[in-house]
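The values are calculated or read from the model by the stated rules, or taken from the named source; none is laboratory data. Not measured: the values here are computed from a predicted model. Here the Cβ positions follow ideal geometry from the backbone for every residue, glycine too, while neighbour counts run over all protein chains shown. To get the accessible areas, we keep the full protein, side chains included, count just its heavy atoms, and leave off ligands, DNA and RNA. Shrake-Rupley method; radii C 1.70, N 1.55, O 1.52, S 1.80 Å.
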Amino acid sequence: MYWEPEIEQLPSTRLQQLQLERLRKTIDRAGRSPFYRQQFAAAGVASGKLQHIDDIRSLPFTTKDDLRNHFPYGFLTVPKDGPVRLHCSSGTTGNPTVIFHDQHDLASWANLVARSLYCAGVRPTDVFQNICGYGLFTGGLGFQYGAEHLGALVIPAAAGNSRRQIKLMQDFGTTAVHTIPSYLLRLHNVFTELGLDPRRDTDLRMFVIGAEPHSEGQRRRIEELFGVSAYNSYGLSEMNGPGVAFECREQNGLHIWEDCFVVEIIDPETLQPLPDGEQGELVLTTLDRQAMPLLRYRTRDLTRILPEPCPCGRTHRRLDRISGRSDDMLILKGCNIFPMQIEKVLMRFAEVGSDYLIVVENCNGSDEMQIQVEVQKEWFTGNMEALENLSRKISHAVRDEILVTPAIRLVEPGSLPKSEGKAVRVQDLRKPQESV
Ligand code: ADP
Ligand code: ZN
């Protein structure tokens, strides 16, 4: 049932004691890095001043800009030749940042990924196909070493080439897959093109999906298409990568491993802590990292802590599904809009296909939104009236959710641009375009 029963079921008071001990050590260690040495001196930080884990609130935050401004070595607590590996973030929202790991950090990370996979139901008997970028992106090596540590047979399939992915699944009897959710919808189209049905023609029994925001509706759609359960996996390269928070078999919130991370939710405007249950920005502190610890790192991801205990018996608290990044928020005609609100609505329509793109532009002084929506093949017929009706229905449903009426452009399946990695859901033509 559990990978590490003593830790996963540790009563919360003991968990907090462990956190305090580890936080003190982390502060002492972090103080050896040029960035924190200076920050601690300016803010009067000393590990001995902390009496309770909540005293973490007296520490300053660390931001993505801090990481960028002190790129590449400013956060290292060891000499440059100390670490054994580096990873970078995907750079979805700007320049990438770098994280260094020593041997201890890599072992601790692999264990957290193994614990996470086990928690979702992966077992040593599984054939685990890892469909995501290997290299600087943390999903590749992160799941590779974690699933190996668990004892599964791991296929390092990497990203792309859907026909080959399907062949690998069939040749080796893949039972579990990790990939990004947007890819699974496309992969299903390839199964169909090949005249295959994954429910009949594979041994798949579960998916681990993460690395990008997705709605509950998208998860259910994936589960129905493939006839398997899909578990949500959350991580970010600044906190190693995968293995930060993971769903258990309950599929209701993601357990965040509190022996290795301190979790806080803050109001992103006032920076004040918010109580469990309230939605805000997730702030994380590493508790078991040596080469490059991070304290009170502002993830910019928006979520809340689910306060109720989980029926699975794990005491580590759960995060709600990530509703978006604070920098994904679109402001249009005075309304704050998150792409996930739109996805939630789109997923209610059976006619909607695998991809969509939200385009925002300024036309003659007024901000307008167009949503390009791929339609399922069987609906994309020449019947203009039916398509117009569908556009109208989608537009009204989206307006009810976000209070802005979008123009809907229904497009053929497969016609929207595809990215190798995380799906790009928004094109904001009001901003100067970054060349990627
Ligand atoms: P980048 O920030 O450049 O995308 P990362 O590869 O480190 O770099 O991605 C981490 C980010 O991906 C998280 O901060 C979060 O915004 C997003 N993310 C990861 N897992 C999930 C998930 N399960 N649900 C929603 N968003 C996720
Ligand atoms: Zn649980």
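Data for the structure
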| quantity | calculated |
| --- | --- |
| Met384, sole failed condition from (1) touching a residue at least 60 places away in the same chain (Cβ under 8 Å); (2) open to solvent by 10 Å² or more (accessible area, probe 1.4 Å); (3) not polar (S, T, N, Q) | (1) |
| Selected residue (criterion: surrounded by the fewest Cβ atoms within 10 Å (Cβ to Cβ)) from residues of region 179-193 that are in a helix (DSSP H, G or I) and under 17 Å from the mean Cα position of the chain (by Cα) | Pro181 |
| Test: residue in region 382-401 that is in the same structural domain as Gln427 (by TED's automatic domain parsing) and part of a strand (DSSP E or B) | no |
| Top-ranked residue of region 389-404 - restricted to ones that are open to solvent by 80 Å² or more (accessible area, probe 1.4 Å) and of a type outside the set (Asp, Glu), ranked as farthest from the chain's Cα centre (by Cα) | Arg392 |
| Subset of region 332-374 [touching a helix residue (DSSP H, G or I) at 6+ places or on another chain (Cβ under 9 Å), closer than 22 Å to Glu224 by Cβ and assigned to a strand (DSSP E or B)] | Val352, Gly353, Ser354, Asp355, Tyr356, Val373 |
| Residue count, region 88-105 (criterion: open to solvent by less than 30 Å² (accessible area, probe 1.4 Å) and under 30 Å from Arg249 (Cα atoms)) | 2 |
| Filter result for the condition that a residue is surrounded by 15 or more Cβ atoms within 10 Å (Cβ to Cβ) and charged (D, E, K, R), over Arg29, Arg37, Arg14 | Arg29 |
| Residue list for region 229-278, restricted to those being open to solvent by less than 10 Å² (accessible area, probe 1.4 Å) and more than 18 Å from the chain's Cα centre (by Cα) | Asp259, Ile266 |
| Residue count for region 345-373, restricted to those that are more than 28 Å from the chain's Cα centre (by Cα) and within 16 Å of Pro406 (Cα to Cα) | 5 |
| Filter pass, Pro242 being in a loop (DSSP other than H, G, I, E, B) and in contact with a helix residue (DSSP H, G or I) (Cβ under 6 Å, 6 or more places away or on another chain) | no |
| Matching residues, region 109-125, being in contact with a Gly (Cβ under 9 Å, 6 or more places away or on another chain) and either surrounded by fewer than 22 Cβ atoms within 10 Å (Cβ to Cβ) or of a type outside the set (Val, Ile, Thr) (or both) | Trp109, Ala110, Asn111, Leu112, Ala114, Arg115, Ser116, Leu117, Arg123, Pro124, Thr125 |
| Failed criterion for Leu196 (all others in (1) part of a helix (DSSP H, G or I); (2) over 30 Å from Ile256 (Cα atoms); (3) of a type outside the set (D, E, K, R); (4) open to solvent by 30 Å² or more (accessible area, probe 1.4 Å) hold) | (1) |
